[in-house]
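The structure appears below as structure tokens.
Each value in this text was obtained by applying a stated rule to the coordinates, not by laboratory testing. Worth saying up front: this structure is predicted, and the values here are computed from it rather than measured. All Cβ positions, glycine included, derive from the backbone under ideal geometry; neighbour counts span all protein chains shown.
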Amino acid sequence: MGLFSSYIIIKTVMQKAKLIIFFVTALLISMPAQCFGRLVSGEVHDKHTKQAIAGVAIHSAGKSLATTNAKGQFEVVVDDTCSMLCATKQGYEQAKHKLKRGETVVNFKLQPLSRQLDDVVVTADRTNKLLSTSMGHVNLTQQEIKNIPTVFGEADVVKALQLQPGVSAGMESFAGMNVRGGNNDENLFMLDGNPVYQLSHFGGLFSSFNVETISHMNFYKSAFPARYGGRVSSVIDLHTKPCDFQKYTGSAMLGLISGSFNITGPITTDKTAFSFSIRRSWLDLLAVPALAIHNIKQKPDGKKRLPDIRLST
């Protein structure tokens, strides 16, 4: 009888204990997060690009609370004593936010960290011609061609070559050249691997090459590679600028007697691009007033002179 009574008492106590545990658990689940602290969420973005920043450390009073995810989002639980949230990321200035009472959403905009770097000095070794097997070879970039002074101030490929050692100009200010005693027709001009036979316009005053489209050129005065062949004096291998598949770029040049323009850019980024160049002479514009004055003087005699217009491709 005593054992049975003890069993009944123990069973009753256990049932009451289970009931108490159940009610306590339900109460804890139903309690809001504010009972344990305040839930604060937000996002972190770059101040300039507005892009979300991942891996930003969110901390308060030296205690790390959370790190932003790939979308720049974070969630932290803070108590009522927390008054300041800080966001820190390498490469950005630290951002601080003073929490207001009951505030649950905090967004940060980080300022990229700008630092004044020391001066950078770039050095290079001078090419030793005595140790090179390439004889009589000169490489000129577009900027080097533009820096060479020419008549009328217009950059010109052939006139730049006329100032090289071993090269003599045929007639002053005209596009002709003789290399080491050779004739003018013994020079091979190539543009992107294609031979060019017409080297000048307007009787040699203008070169056929638009400098705004030239990237660089290789000038061989002697011992030029056998792959060129066909000439005995020199080889001039010119290369045009590659198209820009990322952004639009361009350049322009204005001279006393002509002007040129070049633009390149993407049609479809990283897939298709274009390059457009044009060059025009001002001589015809200058000739029209001169011919008009000449015609006025010749009008009493019944004479009239018209300007000649010629197109070439």
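Let's test the formula: R0 of 45 Å, r as the Cβ-Cβ distance of K47 and L163. What FRET efficiency results, to the nearest 0.05?
About 0.30, to the nearest 0.05.
Order 233-246, 69-82 from most to least packed using the mean count of other Cβ atoms within 10 Å.
233-246, 69-82
Determine the sum of side-chain charges near K146: Lys and Arg each +1, Asp and Glu each -1, restricted to other residues whose C-beta is under 13 angstrom from that of K146.
Charge balance in the 13 Å sphere: -3.
Run the numbers for I278 and K247: contour at 0.36 nm per residue of separation, minus the present Cα-Cα distance, in nm.
9.2 nm
Past the 27 Å Cα-Cα mark, which pairs from K63/K89; K89/K271; K50/K89?
Exceeds cut-off: K89/K271.
Between Q94 and V122, what FRET efficiency follows from the Cβ-Cβ distance if R0 is 30 Å, with the result rounded to 0.05?
The computed FRET efficiency comes out at 0.30.
Sort out for me the Cα centre separation of region 221-274 from region 53-80, rounded to whole Å.
53 Å
In terms of the ratio Rg/(2.2 N^0.38 Å) built on C-alpha atoms, what value belongs to region 180-251?
That works out to 1.28 for region 180-251.
Rounded to the nearest 0.05, what FRET efficiency is calculated for A70 and E103 with R0 set to 30 Å and r the Cβ-Cβ distance?
About 0.75, to the nearest 0.05.
Please give me, ordered by residue number, the trypsin sites (Lys or Arg not before Pro) of region 74-116 that lie in loop per DSSP and have at most 10 other Cβ atoms within 10 Å.
Listed in order of number, the matching sites are K100, R101, R115.
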